[in-house]
Amino acid sequence: MSDPMRLLRERNLAVWSSGDWDEMAPFIAPVGARLLDRLPVASDTRLLDVGTGSGSSVAIPAAQRGAAVTGSDITDAWFPAARRRAEEAGVDVKWEVGDAAELPFADDSFDVVTSTFGHMFAPSHAAAASELARVCRPGGTIGLCCWTPQGKVGQMFIRLGGHMPPPPEGFQPPPLWGMEPHVSELLEPLGFSLEFSRENVVITFPSIGAQVDHMERNFGPMVSAKAMLGEGWPAVRADLEQFSTEVNEADDGTVKTTNEYLQTVGRMA
C-alpha cells in the first residue's frame, strides 16, 4: 500500500471510530430494507455486509430474513451495539473487522455482498470494487447504496470539505460512487451486469440547531472535523446551519430533507 493510501486508510479508521454511529444508523434504516427487497436473500444465503456499523441497516434485517450474515467494518467500535441489537432481534450475526479495500475473506465466500454508505469511503475505489467482486461467488449479487454528488448529503460533504485541508494524493470523493458511469467503469469489467435506481430517504429533526448538534456529536466525519479545526469550528458550524436552512423542506421550524442516493444491484456472471 502506497504512503498516501496508507494515510487515507488511517484517516478513515480515525473518522469512523469517532462519534457514535449507532446514533446515526436509524436515519438510514429504510435504505437497508429497500435494498434487501431487491436481493435474493433466503434461508441458505451467505451474505456479507461491508461497512456494517452497528448492523441495523442490512446485517440484522438480513439475518431476520434467514440469511447467514457476516457484518464487516473498518472499526469494531460499534460491534458492542451490534451484538446488543442482534440479541434483541433474536438473530446470530458474525462481526469481523475488515477494510473494504482489503477484506479478510476468501475468494467466492458469499452469495450476496452489500454495502450501504460504507465501501464508498474506502480510499481506492478500484480496490473496493475489486474486493466486492473477489468475495462474491460466480452467479452472486452485490447491492450498494451511495449518496449522489447532487443530493443533499453529497452536497453537505462538499460544503464540509471546503473547510478542510486538501486531501492526500489519490483521494477520490466518496459520492463518485453515486454516479452511474463511475460505478459502471468500476464494476462492469469485473463481470457484473448492473441495474441502477435513484432513491430517496427522508430525514427529519426538530430544528436546525438540533440537527447540527446531533451531527457534530455523533457523525464521524463531522466529529473529526470539529476536533481538527478547533477554534475554527464555530464558523464551520454556522456555514452548516446555513446549508441546512437552504435545503430544508419544512416551513414550521422543524427540519425535513429528502436525500438522494444511488442504489446499485449487480449480478456476477
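The values are calculated or read from the model by the stated rules, or taken from the named source; none is laboratory data. Bear in mind that the values here come from a model prediction, so they are computed numbers and not experimental data. Heads up, the Cβs are rebuilt from the backbone with ideal geometry, glycines too, and the neighbour counts pull from every protein chain shown.
Within region 251-264, restricting attention to residues that are surrounded by 13 or more Cβ atoms within 10 Å (Cβ to Cβ) and not β-branched (Val, Ile, Thr), the residue that is farthest from Val31 (Cα to Cα) is Lys256. One residue alone among Val69, Val91, Val112, Val58 is at pLDDT 95 or above, aliphatic (A, V, I, L, M) and out of contact with any strand residue (DSSP E or B) (no Cβ under 7 Å at 6 or more places or on another chain), and that residue is Val91. Annotation note: of Arg137, Arg159, the sole residue that is surrounded by fewer than 20 Cβ atoms within 10 Å (Cβ to Cβ) and part of a helix (DSSP H, G or I) is Arg159. Where residues in region 162-186 are within 28 Å of Val223 (Cα to Cα) and in contact with a strand residue (DSSP E or B) (Cβ under 6 Å, 6 or more places away or on another chain), which of them is surrounded by the fewest Cβ atoms within 10 Å (Cβ to Cβ)? Ranking the qualifying residues of region 162-186, first place goes to Pro175. For region 34-55, a residue qualifies if it is modelled with pLDDT of 95 or more and over 22 Å from Pro80 (Cα atoms), and the qualifying residues are Arg34, Leu35, Leu36, Asp37, Arg38, Leu39, Pro40, Val41, Thr45, Arg46.
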